[in-house]
Amino acid sequence: MKRLLRYLKDYKLESVLGPLFKMLEASFELFVPLVMAQIIDIGIRNRDMSYIMKMGGVLLLLAAVGLTCSLTAQYFAAKAAVGFSTALRNDLFRHINSLSYSEQDAIGTATLITRMTSDVNQVQSGVNLTLRLLLRSPFIVFGAMIMAFTVNARAAMVFAVAIPALSLVVFGIMTVSMPLYKKVQRQLDTVTRATRENLTGVRVVRAFNRQESEMARFEESNGQLVRFQVFVGKISALMNPVTYVIINLAIAAVIWISGKQVDAGIITQGETVALVNYMSQILVELIKLANLIVSISKALACANRISLVFEQETSIKDPSKEDGGQAAASLKDVPKVQFNHVNFAYKNAKADSLSGIDLKVEKGQTIGIIGGTGSGKSTLVNLIPRFYDVREGAVLVDGKDVRQYGLSELRDKIGVVPQKAVLFKGTLRDNMKWGRPDASDEEIYHALDMAQAREFVDEKGKGLELSIEQNGRNLSGGQRQRLTIARALVRNPEILIMDDSASALDFATDAALRKAIQEGTKDMTVFIVSQRATTIRNADQILVLDDGALAGLGTHRELLENCQVYREICLSQLSREEVQ
Amino acid sequence: MVNARMKKHRSAVKRILDYIGAYKWLVLFSLALAAVTVAATLYAPILIGRSVDLILGPGQVDFTGLLSILKQIVMVVAITALTQWLMNHINNQITYRVVQDIRVKAFNHMQTLPLSYLDSHQSGDIISRVIADIDQFSEGLLMGFTQLFTGVLTILGTLGFMLSVNPLITLVVVVVTPLSLWVASYIAKKTFTMFKLQSETRGELTSLVDEMVGNEKVVQAFGYEDDAQARFEEINQRLRGYSLRAIFFSSITNPATRFVNSMVYASVGVAGAFAAIHGFLTVGQLSIFLSYANQYTKPFNEISGVVTELQNALACAARVFELIDEPSFIPENSDAVDLKEADGSVSLDHVAFSYVPEIPLIENLNLDVKPGQRIAIVGPTGCGKTTIINLLMRFYDVKSGSIQVSGTDIRHLTRKSLRTNYGMVLQETWLKSGTIRENIAYGKPDAADEEIIKAAKEAHADSFIRRMPQGYDTVISEDGGNLSQGQKQLLCIARVMLCLPPMLILDEATSSIDTRTEIRIQKAFAKMMEGRTSFIVAHRLSTIKEADVILVMKDGHIIEQGTHEVLLEKQGFYANLYNSQFAV
């Protein structure tokens, strides 16, 4: 929370003036019962019509001044809260953009999106409410008590007893019920899960004819939810009646004591009425305060979650930003990409995901990477653009450790086609320019040709103006994949990484694509990750991974001879003759 | 359109009342309690006023009278507190039970919805109807119960009590009050546009965040961070302007209505004082009016809040009823019989099917499967291989033609018995949150432990299960989150292995399984298929080549049919597909 407070720094004045004007308003409100007492004690007693009119005028004046103060306060509070959240959002977005893959994996993108949107909104309204109301309610409660003391100390003693009793009840019920509400929420999550599970597994449920037991289970978990809800409801339903009892008993006590004081001539009848009014004011404010605390504690929880994101520092430091960057003198006559004894472990993982990887790749070579899921294929290629940092060893590009490059300098050399074919809302041209902002239409068409995407783009008849919906919803999986390949090719990168990115293509298109890339990009070093033996069998070098370790390295033929894992993979996909 | 919506609302109201009707005695009791609560709440200020009148000045205090009134106050307060609590409790009960009835009904109805509905509607949407909408509805209903009735009663009661004390001053209150309502509605109207702009811009911002943060890895791979930041800040800046205005204008409502309230208070004070001077009113009665004037406008504000809440609740309820009203699948034929033990013969006779009438999909499909045969279904992804499964399992009904199992049209069999005769392993492995034991026994809940272990062994799953922390009692989280894809697949196989029906539908995994597990799965599949009619959505050439019949599908159509050799000779699509793998 503390680190979020600095976003209020630019709104210091507003943050002080907001509560201040709110308190001014509250003080005017506190005068009202006293004025009324004057009307009764002086106006009515002396039958002074003009005095009454005058006091009526004072009441209106108090109301008008109160309104002005209140509006001023609301304005300042709104300005501070909105300014706060705007600055917070900008910074949070920038921070999220700076997080490396490791941190993104650890937090999860869905979570990041929630932090960015609904959590920030919650905090904004929390700040707004706090500035407006947090001081006001206690101020009125204590103000009313002090005013009561100025009227009559004996009667005011009732306040001194009633206020702590009320606070105890209000906050006691809150402390008991709030954890219970969390329990209700958790049970609701269980009910949601039951529903989701039933829907996603509908075919299995029906295939095994388990509808009835599903219904029984749902009814049971929903019944549990209702029991929780009724139980919490019973407790929070206590709030109103109990506070009502306390306040009215206090009023009765005030009247009794005031009666004695009036009898003794110490206070007047009008002042008795004022005391009763003060008591009523307190109740209203305490209830408001309780609601306010609920909202603020929600906002605080959101603020804490946002802070946690800020605390997550990126693990990949960009040297070009740290010390002005070094000249990128690429060495000649060195392998294009080189892995030196690389060990890598994901954050918080117990075991290494890659261990002892050594690899030399010459300029213009095509490298196939194959292995089962979780064998570390994607992990390996993700180390080249430095999406993750190695734990031990080093990855070298053009003979230089990737950690010595400026991030953008390194990544500009590389075109990545990710596993998930992601496109963005906008035109086809916009999407292709992600690869290179200054790419000409001609260059884009060339890339589309190579990626086997030209045909369907032409078929749609919109050319590069073809509009693409969010996540490329208006395209098929195979079309999306081809466009993401084209996007990487637009860069004309020195190194192209295709991370299992042809999986949705049929064999023929896959083959044509590989042929085009091989012919069209003589100097490009290409990494192809695949599950299909056919996709990589013609690569210059094939890297076989098994459980993070190098199980084999060589050409198709060499590996068939001497790599057990590779043979198994091939035989599970192809027949014996085809393997040969 | 507006009319249709009104109609929908009205029928929704009627149906909600029907659901509430089940608890009508509780409702009546709650209403009675509300009446008592309101009356007692309103009576308290009168007692207080009377007591004030007994405290006139030095030596003019009637202590015996005061004591008896104070006793009455205590009594009234005690009654109010008790009835209020009881009323709230009963309202909770009614609301949550009504909501439970509706939710259970919705869930149970889900079980009878045809798959065509479930496949064509996002599950997120259905879940939000069953969970979020019903929840929202319950909140609205509860608020309606607790505040609408008491609010109206309070207003009426206050007017009544005030009239009984002094009609003239009541008039003052009644005249000034509408002003407060007018101010509130005026502001609400003005702020509506601002809120709309705010929520539109917020939506814009959210979708940008969704896109960029959701695909952060791509953003970073292409160095798009700065552009994204610039776009974000531009929208954020606009949002700031709209938000400021929306928040400020909406926050005027409270002070403004409070100002009107103060005006009522001042008017009552002055008018009351004049009346007191002329002897129409005592000071105690004046204090009654003041306290009424203070709380009189409150129910108005509350009621307007309740009305919005109720409208919202109604809209939610309508969405839930929409789900409940979706037609169930076609009921079983009256002459439907139970399929005892299928012999394994399946024949498809001139079958036609399509999901959308305009786009024909399967036309004139004929297939005669003898007991124990293997049918491989092949084709590029998205070619509609699952459609065949849908028809065989009768998740969908054929449009024309017929499917026969053991010589009987499956529409003349009960769904339950038909499905019991099939064992199905899909590529999207679905496991229930629960123990591994429960999951394996999903198709046969009364299976003995030995049977379960035997099935697991045959599915090559026993060894990894034993290595899990609690063995067969290990709880797997939703969607088997703590298991690998391959392990999930093995569990699904074990699940079928336990029942082992005469016919199988298998969906080979395309990828994503490590080699060793893959080999185990192959073995398990082979074991299952021994002597059973099997339909396999195949990706592996070895599986395909061993099949008795290969169905080649493309764009939803079955374009070729035959054995591997026959199809290769044909030099058609299959041959092409087969050869293309070795093109480069």
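The values are calculated or read from the model by the stated rules, or taken from the named source; none is laboratory data. Model, not experiment: these values are computed from the prediction. We place every Cβ from the backbone using ideal geometry, glycine too, and count neighbours over all the protein chains shown.
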Checklist line | Pairs with Cβ under 8 Å, 6+ apart, first in segment A:400-426 and without any contact (Cβ under 8 Å) to a residue 12 or more places away in the chain, second in a strand (DSSP E or B) and surrounded by 16 or more Cβ atoms within 10 Å (Cβ to Cβ) | finding: A:Asp401/A:Ala394; A:Asp401/A:Val395
Note to self: Just to confirm my filter: which helices (runs of 4 or more DSSP H) fall fully inside segment A:492-574 and include at least 1 residues that are in the same structural domain as A:Leu410 (by TED's automatic domain parsing) and among the basic types (Lys, Arg)?
What the structure shows: A:507-520, A:556-562, A:564-573
Margin query: Which condition from (1) among the polar types (S, T, N, Q); (2) more than 7 Å from every other protein chain (Cβ to nearest Cβ); (3) buried (at least 19 other Cβ atoms within 10 Å of the Cβ) is the one that A:Gln224 breaks?
Written below: (3)
Check: Can you spot a residue in segment B:367-379 that is of a type outside the set (D, E, K, R) and within 14 Å of chain A (Cβ to nearest Cβ)?
Finding: yes
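If you scan segment B:307-365, which residues turn out to be part of a helix (DSSP H, G or I) and of a type in the set (S, T, N, Q)? Write out each step before concluding.
Going residue by residue through segment B:307-365, those that are part of a helix (DSSP H, G or I) are B:307-325.
If the condition is that a residue be part of a helix (DSSP H, G or I) and of a type in the set (S, T, N, Q), then B:Thr308, B:Gln311, B:Asn312 are the ones that fit.
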Next item on the list: Name the one entry in A:Ala516, A:Ala502 that is more than 9 Å from chain B (Cβ to nearest Cβ), without any contact (Cβ under 8 Å) to a residue 40 or more places away in the chain and within 22 Å of A:Met432 (Cβ to Cβ).
Entry: A:Ala502
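Just to check your reading of the model, which residue among A:Gly259, A:Gly233, A:Gly270, A:Gly265 is more than 29 Å from the chain's Cα centre (by Cα), in a loop (DSSP other than H, G, I, E, B), not hydroxyl-bearing (Ser, Thr, Tyr) and not assigned by TED's automatic domain parsing to the domain that holds A:Ala290?
Details: A:Gly259 fails: in a loop (DSSP other than H, G, I, E, B); A:Gly233 fails: in a loop (DSSP other than H, G, I, E, B); A:Gly270 fails: in a loop (DSSP other than H, G, I, E, B).
Every option except A:Gly265 fails the conditions.
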Notebook entry, point to check: For the subset of segment B:552-577 comprising residues that are away from chain A (no Cβ under 13 Å) and small (Gly, Ala, Ser), which member is surrounded by the most Cβ atoms within 10 Å (Cβ to Cβ)?
Noted result: B:Gly556
Checklist line | Filter result for A:Leu380 (of a type outside the set (Ser, Thr, Tyr), closer than 19 Å to A:Ala488 by Cβ, part of a helix (DSSP H, G or I) and in contact with a helix residue (DSSP H, G or I) (Cβ under 6 Å, 6 or more places away or on another chain)) | finding: no
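Residue check: is A:Met239 of a type in the set (A, V, I, L, M, F, W, C) and surrounded by 22 or more Cβ atoms within 10 Å (Cβ to Cβ)? Break it down stepwise before answering.
Working: of a type in the set (A, V, I, L, M, F, W, C): yes; surrounded by 22 or more Cβ atoms within 10 Å (Cβ to Cβ): no.
No, not satisfied.
Condition first: among the hydroxyl-bearing types (Ser, Thr, Tyr) and facing chain B (nearest Cβ under 7 Å). Now tell me which residues in segment A:33-91 satisfy that.
Initially, segment A:33-91 is screened for residues among the hydroxyl-bearing types (Ser, Thr, Tyr), giving A:50-51, A:68, A:70, A:72, A:75, A:85-86.
A:Ser70, A:Tyr75, A:Thr86 - these are the residues of segment A:33-91 that are among the hydroxyl-bearing types (Ser, Thr, Tyr) and facing chain B (nearest Cβ under 7 Å).
Rundown of residues vs (1) within 14 Å of another protein chain (Cβ to nearest Cβ); (2) part of a helix (DSSP H, G or I); (3) at pLDDT 85 or above; (4) farther than 17 Å from B:Ile288 by Cβ, yes/no style:
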{"residue": "B:Ala132", "(1), (2), (3), (4)": "yes, yes, no, yes"}
{"residue": "B:Asp135", "(1), (2), (3), (4)": "yes, yes, yes, yes"}
{"residue": "B:Ser138", "(1), (2), (3), (4)": "yes, yes, yes, yes"}
{"residue": "B:Thr154", "(1), (2), (3), (4)": "yes, yes, yes, no"}
{"residue": "B:Ser164", "(1), (2), (3), (4)": "no, yes, yes, no"}
{"residue": "B:Thr170", "(1), (2), (3), (4)": "no, yes, yes, no"}
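Name the residue, out of A:Arg186, A:Arg210, that is within 30 Å of B:Gln122 (Cβ to Cβ), free of Cβ contacts under 8 Å to residues at least 40 places away in the same chain, crowded, with 18+ Cβ neighbours inside 10 Å and not polar (S, T, N, Q). Spell out how you get there, then give the answer.
Values: A:Arg186 fails: crowded, with 18+ Cβ neighbours inside 10 Å.
A:Arg210 is the lone residue from the list that is within 30 Å of B:Gln122 (Cβ to Cβ), free of Cβ contacts under 8 Å to residues at least 40 places away in the same chain, crowded, with 18+ Cβ neighbours inside 10 Å and not polar (S, T, N, Q).
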Notebook entry, point to check: Which condition number in (1) surrounded by 20 or more Cβ atoms within 10 Å (Cβ to Cβ); (2) within 13 Å of another protein chain (Cβ to nearest Cβ); (3) among the hydroxyl-bearing types (Ser, Thr, Tyr); (4) touching a Ser or Thr at 6+ places or on another chain (Cβ under 6 Å) is the one that B:Ser328 fails?
Noted result: (1)
Check: Among the residues of segment A:182-197, is there at least one that is at the interface with another protein chain (Cβ under 7 Å from one of its Cβ atoms), at pLDDT below 90, over 35 Å from the mean Cα position of the chain (by Cα) and over 30 Å from A:Val254 (Cα atoms)?
Finding: no
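Residues are listed down the side, and each one gets a yes or a no for (1) within 9 Å of another protein chain (Cβ to nearest Cβ); (2) without any contact (Cβ under 8 Å) to a residue 24 or more places away in the chain; (3) surrounded by fewer than 20 Cβ atoms within 10 Å (Cβ to Cβ); (4) more than 30 Å from B:Leu205 (Cβ to Cβ):
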residue	(1), (2), (3), (4)
B:Arg245	yes, no, yes, no
B:Ser251	yes, yes, no, no
B:Ser262	yes, yes, no, yes
B:Ala266	yes, yes, no, yes
B:Val270	yes, yes, no, yes
Checklist line | Counted residues, segment B:435-474 - those being within 14 Å of another protein chain (Cβ to nearest Cβ) and surrounded by fewer than 14 Cβ atoms within 10 Å (Cβ to Cβ) | finding: 2
Item checked: Residue check, A:Leu225 over 30 Å from B:Asn421 (Cβ atoms) and in contact (Cβ under 8 Å) with a residue 24 or more places away in the chain -> yes
Notebook entry, point to check: Restricting to segment A:195-207, what's the tally of residues that are among the small types (Gly, Ala, Ser) and surrounded by fewer than 19 Cβ atoms within 10 Å (Cβ to Cβ)?
Noted result: 0
Notebook entry, point to check: Condition test on A:Leu483, is it surrounded by 22 or more Cβ atoms within 10 Å (Cβ to Cβ), in a helix (DSSP H, G or I) and within 14 Å of chain B (Cβ to nearest Cβ)?
Noted result: yes
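Out of B:Ser347, B:Ser334, which single residue is over 33 Å from the mean Cα position of the chain (by Cα), without any contact (Cβ under 8 Å) to a residue 12 or more places away in the chain and surrounded by fewer than 20 Cβ atoms within 10 Å (Cβ to Cβ)? Don't jump to the end; show me each part of the working.
Numbers: B:Ser347 fails: without any contact (Cβ under 8 Å) to a residue 12 or more places away in the chain.
Only one candidate qualifies: B:Ser334.
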Next item on the list: Output the qualifying pairs, or none if there are none: Cβ atoms under 8 angstrom, residues six or more apart or on different chains, first residue in segment B:525-551 and more than 9 Å from B:Thr563 (Cα to Cα) and surrounded by fewer than 16 Cβ atoms within 10 Å (Cβ to Cβ), second residue at pLDDT below 85 and of a type in the set (S, T, N, Q).
Entry: B:Ser542/A:Ser572; B:Ser542/A:Ser575
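Going by the structure shown, is A:Asn121 over 19 Å from B:Glu234 (Cα atoms) and either in contact (Cβ under 8 Å) with a residue 60 or more places away in the chain or in the same structural domain as A:Leu24 (by TED's automatic domain parsing) (or both)? Give the steps one after another, and end with the answer.
Numbers: over 19 Å from B:Glu234 (Cα atoms): no; either in contact (Cβ under 8 Å) with a residue 60 or more places away in the chain or in the same structural domain as A:Leu24 (by TED's automatic domain parsing) (or both): yes.
For A:Asn121, the condition - over 19 Å from B:Glu234 (Cα atoms) and either in contact (Cβ under 8 Å) with a residue 60 or more places away in the chain or in the same structural domain as A:Leu24 (by TED's automatic domain parsing) (or both) - is not met.
Given the criterion part of a helix (DSSP H, G or I) and within 28 Å of the chain's Cα centre (by Cα), identify the matching residue among A:Ile96, A:Ile40. Break it down stepwise before answering.
Details: A:Ile40 fails: within 28 Å of the chain's Cα centre (by Cα).
Residue meeting the stated conditions: A:Ile96.
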Item checked: Selection count where residues are more than 7 Å from every other protein chain (Cβ to nearest Cβ), out of contact with any Phe, Trp or Tyr (no Cβ under 8 Å at 6 or more places or on another chain), touching a residue at least 12 places away in the same chain (Cβ under 8 Å) and farther than 19 Å from B:Leu26 by Cα, scope segment B:71-85 -> 2
Next item on the list: Would you mind stating whether A:Leu134 is within 14 Å of chain B (Cβ to nearest Cβ) and of a type in the set (A, V, I, L, M, F, W, C)?
Entry: no
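Among the residues of segment A:461-480, how many are of a type in the set (D, E, K, R) and either at pLDDT 90 or above or in a helix (DSSP H, G or I) (or both)?
Start the filter on segment A:461-480 by keeping residues that are of a type in the set (D, E, K, R), which leaves A:462, A:465, A:469, A:473, A:480.
Checking the rest, the ones that are also either at pLDDT 90 or above or in a helix (DSSP H, G or I) (or both) come to A:465, A:480.
Selection size over segment A:461-480: 2.
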